[in-house]
C-alpha cells in the first residue's frame, strides 16, 4: 500500500488558538471537512470529494512563528479571495502575479499565514 508520493507534502499540521473557529473558517473558505480526535485535535480531510486525511488542526496556546508556508491551489483565485474574506480571514499580500500565475497570502483567525495560487 502506498501512503503518499515520494518527496511530496503528505500532511500539514496547523496550530490554532480556537479549534472551533478554525474549523468554521476552513470549512467556509475551502469546504474542508474534519475528523475530531478529541477536544484538542481535528484531522483535515480536505474537500468534500475525498475522505483522505491531509493534515490536522492542533489546539495550542499560540501560533509558532516561522512555520512552513502552505500553498493551496485554486481554480478561481478571485473567488478564493472572496471566500477567505467572507469566512473571517485577512488578506496579507496580493493577489499578485508571479511566473506560474497569480497568488495571495492570508492569515486565518489564529494568525497562521497561508498562500493560495492559481495558473490564471
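No value in this document is a laboratory result; all are computed from the given coordinates. Since the model is a prediction, treat every value here as computed from it, not as a measurement. For neighbour counting, all protein chains shown are included, and Cβ atoms are generated from backbone atoms with ideal geometry for every residue, glycine included.
General remarks:
- Against the rule of thumb 2.2 N^0.38 Å, how large the Cα Rg of the chain comes out: 1.05
- Each residue in 13, 75 was given a count of other beta-carbon atoms within 10 angstrom of its own, and listing them fewest first yields 75, 13.
- D_trans [Stokes-Einstein, Kirkwood Rh over alpha-carbon pairs] for segment 34-85, 25 °C, 0.890 mPa s, µm² s⁻¹: 184 µm²/s
- Dividing the mean sequence gap of close Cα pairs (under 8 Å, 6+ apart) by how many residues the chain holds gives a relative contact order of 25 percent.
- Build a GNM of the chain with springs between Cα atoms under 10 Å apart, and of 88, 43, 66 the one that fluctuates most is 66.
- Sum of -39500 (n - 2.57) over DSSP H runs of 4+, divided by residues of the chain (222 nm, nearest 500): -5500 deg cm²/dmol
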